[in-house]
1. Cα to Cα, under 13 Å, and not fewer than 8 places away if on the same chain: which aspartates and glutamates meet these conditions relative to residue 200?
2. Would you pull out the residues with amide H under 5 Å of residue 204's amide H, same chain only if 5 or more places away, H placed 1.01 Å from N?
3. Local charge sum around residue 224 (other residues, Cβ-Cβ under 12 Å, Lys/Arg +1, Asp/Glu -1)?
4. Show me the ranking of peptides 95-104, 118-127 by mean Cβ neighbours inside 10 Å, starting with the highest.
5. Between residue 17 and residue 153, what length comes free when the chain is fully extended (0.36 nm per residue of separation minus the Cα-Cα distance, one decimal in nm)?
6. In the structure displayed, which of 99/157; 99/182; 99/209; 99/203 lie more than 32 Å apart, Cα to Cα?
7. What figure in square angstrom, to the nearest 10, would you give for the accessible area of residue 216 with a 1.4 Å probe?
8. Determine the order of 160, 34 by accessible area, beginning with the largest, at a probe radius of 1.4 Å.
Amino acid sequence: MTTKTPTAPAQTWKQLVLLAVLGTAACVGLSLALNYLLLFSDSLTPFGRGAVTAIVVPIVIGLPLFALIGWQQSEIRRYRQELTRSGTYDQLTGCLNGKVFTSMVDRRAQRPAGPRSGAFLVIHPEHLASINLRFGLEWGDEALRLIASAIRSAVRKDDLIGRLGTSMFGVFLPGASEEDAKDIGERIRGTVGEIYFAPKGDKDVLAIKVGGVIFERELDFEDMFRFAEEGMAEALDESGLRLSHVTN
C-alpha cells in the first residue's frame, strides 16, 4: 500500500492558510493585550486608550509587513531581470545569444522605416583550438571574453553584436557604408591585436579573421550570414579583412 505525498501546490496553499491564520491570531492577540494593559492606566481617557491602540497596532504590524513585502518585490524584480538577461545574453561573453541576435537582425530587416543599407560582419578568433589544447578550456573562454570586449569597444552605439556558435561572432551594422564597415572591421582587428593575453605567464597573441557583406537593401539573417561566410572563405587581402557586395 502506497501513501500519497501532498503535491507542491497543495503544500503551498496549506502554508498560506496556516500563515494567514497564525498572522491574524497574532494581530488579534497583540491588540487585546495592548487594550488590556491600557485599562490599568488612569492617566488616559477612553478616547486616549483607543487612540494609542489605533496608532501602535498598525505600526507594530504594518511596518515590518510592508517592509517585507517591499523587499520581496525588489527580489522578484531582480530575479526577473536576471532571467531576462540570461535568456537574452550569452553568459560567457555578454553578447546577444545566437537566437536573440538572429531574431533582432531579422526584425530590423522587416521594419517599414529606417536605413535599408548596411553591413554584416562575421568574426572568427584564430588559434582558439590551440589555446584550448595548450592552456586549457578556461583560457580559451578568457580569450573569447577579451575578444568580445574588444568588439564592443570598436562598434557604434546602435550596432548589434551576437555570439554565433562556439567561437564565432556576428556584428550587424545598420546604415553602414563600405568605408564604415572597413573602419569598424579594422578597428576590431587592431583592438584585438593589442590585447595583453598571457595564459599561465606565457604571452600569446590573439588574432581574428573578419569577413563581411555590404548590402543596399537589408537581407534576412540567413542570407547575410551566407554572404559574409563566403567572403571569409575567399582569400583575405593584406589587411586581413574581406567584404563582399550584394546589390539588390
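1. Qualifying aspartates and glutamates at Cα under 13 Å: 138, 142.
2. Answer set, sorted by chain and number: 197, 198.
3. Values: positive: 108, 217, 226; negative: 106, 218, 220, 222, 223, 229, 230.
After counting each charged neighbour, the total is -4.
4. On the way: 95-104: 17.8, 118-127: 22.5.
Packing proxy ranking, top to bottom: 118-127, 95-104.
5. Values: separation 136, 0.36 × 136 = 48.96 nm, distance 5.41 nm.
Gain on stretching residue 17 to residue 153: 43.6 nm.
6. On the way: 99/157 21 Å; 99/182 26 Å; 99/209 23 Å; 99/203 35 Å.
Check vs 32 Å cut-off fails for 99/203.
7. 110
8. Working: 160 15, 34 35 Å².
These residues rank, largest area first, as 34, 160.
The values are calculated or read from the model by the stated rules, or taken from the named source; none is laboratory data. In this text, all values refer to a predicted model and were calculated from it rather than measured experimentally. Note that we place each Cβ from the backbone using ideal geometry, even for glycine, and neighbour counts take in every protein chain shown. For the accessible areas, the whole protein counts, side chains as well, though only heavy atoms, and no ligand, DNA or RNA atoms are used. Shrake-Rupley method; radii C 1.70, N 1.55, O 1.52, S 1.80 Å.
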